[in-house]
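Working notes, beginning with the structure itself.
The values are calculated or read from the model by the stated rules, or taken from the named source; none is laboratory data. Remember, it's a predicted structure, so these values are computed and weren't measured experimentally. Note that we place each Cβ from the backbone using ideal geometry, even for glycine, and neighbour counts take in every protein chain shown. Accessible surface is based on the protein model in full, side chains and every heavy atom, while ligands, DNA and RNA are left aside. Shrake-Rupley method; radii C 1.70, N 1.55, O 1.52, S 1.80 Å.
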Amino acid sequence: MHKGTLYVFTGPSGTGKGTLLSRVMEGDDKVFYSISATTRAPRPGETDGVQYYFLSKADFEQKIAQDAFLEHAKYVDNYYGTLEAPVNEKLDAGCDVVLEIEVQGAMQVHEKRPDAVLVFIAPPSFEELAQRLRGRGTESEEKVQKRLETARREMQYADRFDYVVVNDEVDRAVDEIRGILALRRT
Ligand code: 5GP
């Protein structure tokens with residue numbers, strides 16, 4: 001049977017990856033969005049098993065020891081990781097799989113699965129990113145600063161990705177991403 005394609009979407013926090021991806025995936029039942037595990041605390045409105053599997057540090061580290069992750073990374077003091085089994089199941093069933101992960105994880109997937117398609121979502125400018133992060137109001141100023149520092153480092157990896165999509169205008173960026181997904185489906 002034809003195997004699905006693994007897509008990795010990466011971009012600094014606040015770039016709007018989540019918004020773009022939920023738009024892209026609306027009404028597309030051939031794509032499975034991988035739910036990551038994390039040790040960070042749920043934000044208001046987040047539910048275990050929906051946005052993330054929220055794990056304790058001990059549980060996360062046990063899963064690392066069991067080699068249960070396709071990739072995992074520490075990002076601003078917390079662990080984040082993709083559980084490998086559900087990803088393989090979907091790919092084997094011919095379904096495409098989308099990971100929305102940070103850059104260290106993306107590089108690990110690139111090593112392990114050279115056929116994965118890597119897409120970097122970039123903000124139109126650094127100033128706009130800072131504005132969006134503050135505007136979101138979900139993080140303290142200290143956490144915002146850490147995310148901005150991380151973003152500066154992450155931006156340096158953009159040229160290692162197969163595609164760079166600038167989120168300058170949501171409709172345009174969504175169309176561009178749909179075009180990328182369509183390339184492998186013909
Ligand atoms: P947030 O705390 O804003 O939900 O996520 C912080 C960062 O972690 C984002 O860049 C997000 O894409 C990334 N992330 C989410 N899940 C995973 C994962 O499973 N693995 C890795 N490496 N990064 C992840």
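F69 - would you say it is within 15 Å of the ligand (Cβ to nearest atom), out of contact with any helix residue (DSSP H, G or I) (no Cβ under 9 Å at 6 or more places or on another chain) and open to solvent by less than 50 Å² (accessible area, probe 1.4 Å)? Taking the combined requirement at face value, the residue does not satisfy it. In the condition set (1) more than 10 Å from the ligand (Cβ to nearest atom); (2) not in a helix (DSSP H, G or I), A58 is compliant with all but (2). Residues that are over 16 Å from K17 (Cβ atoms) and in contact (Cβ under 8 Å) with a residue 12 or more places away in the chain were ranked within the range 127-143; the one that is nearest to the ligand (Cβ to nearest atom) is K143.
Taken over the range 78-106, the criterion of being touching a residue at least 60 places away in the same chain (Cβ under 8 Å) and surrounded by fewer than 14 Cβ atoms within 10 Å (Cβ to Cβ) is satisfied by D92, A93, G94. For the range 109-126, the set of residues classified as open to solvent by 50 Å² or more (accessible area, probe 1.4 Å) and within 25 Å of T19 (Cα to Cα) consists of H110, P124, listed by residue number. Taking the range 62-78 as the range and being outside any strand (DSSP E or B) and basic (K, R) as the test, only K63 passes.
Screening A151, A158 for residues that are open to solvent by less than 40 Å² (accessible area, probe 1.4 Å) and free of Cβ contacts under 8 Å to residues at least 60 places away in the same chain leaves exactly one candidate, A158. Selection of the range 170-186 for residues being under 24 Å from L129 (Cα atoms), without any contact (Cβ under 8 Å) to a residue 40 or more places away in the chain and either touching a helix residue (DSSP H, G or I) at 6+ places or on another chain (Cβ under 8 Å) or surrounded by 11 or more Cβ atoms within 10 Å (Cβ to Cβ) (or both) yields R172, D175, E176.
Going through (1) of a type in the set (G, A, S); (2) modelled with pLDDT of 95 or more; (3) in a helix (DSSP H, G or I) one by one, G81 falls short only on (3).
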